[in-house]
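One structure below.
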Amino acid sequence: MIASNTIERTFGLLALALVGVGSWVRWLRFTWRIEPGQLVIEHGLFQRRRRVIPVARIPAVQTVRKIPLR
């Protein structure tokens with residue numbers, strides 16, 4: 001029974017680590033930039049996808065700055 005619990009805990013920690021690493025890599029591979037007259041968004045790990053949005057199609061931009069944590 002103890003060996004089974006250890007194996008389950010090991011697989012659980014491994015799955016959690018894989019999800020964490022996958023999320024971090026996905027965050028790293030997401031980029032955006034503003035070029036003259038357009039917003040360019042790129043994402044993807046194995047297959048890079050690029051989306052170009054003309055600035056004229058962006059109705060408004062709102063920025064919110066939260067209170068820093070103390």
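The values are calculated or read from the model by the stated rules, or taken from the named source; none is laboratory data. If you're wondering where the values come from, they're calculated on a predicted model, not measured in any experiment. Cβ sites come from the backbone with ideal geometry, for glycine too, and all protein chains shown count toward neighbours. The protein model used for the area step is the full one, side chains on, heavy atoms only, and it has no ligands, DNA or RNA in it. Shrake-Rupley method; radii C 1.70, N 1.55, O 1.52, S 1.80 Å.
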Report, ordered by the first and then the second residue, all pairs with beta carbons closer than 6 Å, sequence separation of six or more or different chains, a first member in the range 14-37 that is touching a residue at least 40 places away in the same chain (Cβ under 8 Å) and farther than 28 Å from Pro54 by Cα, and a second member that is open to solvent by 90 Å² or more (accessible area, probe 1.4 Å) and assigned to a helix (DSSP H, G or I). none
Considering only strands (runs of 3 or more DSSP E) wholly within the range 23-67, the ones with at least 2 residues that are open to solvent by 100 Å² or more (accessible area, probe 1.4 Å) are 31-35, 49-54
Test Thr10 against the criterion of being of a type outside the set (A, V, I, L, M) and under 14 Å from the mean Cα position of the chain (by Cα), and give yes or no. no
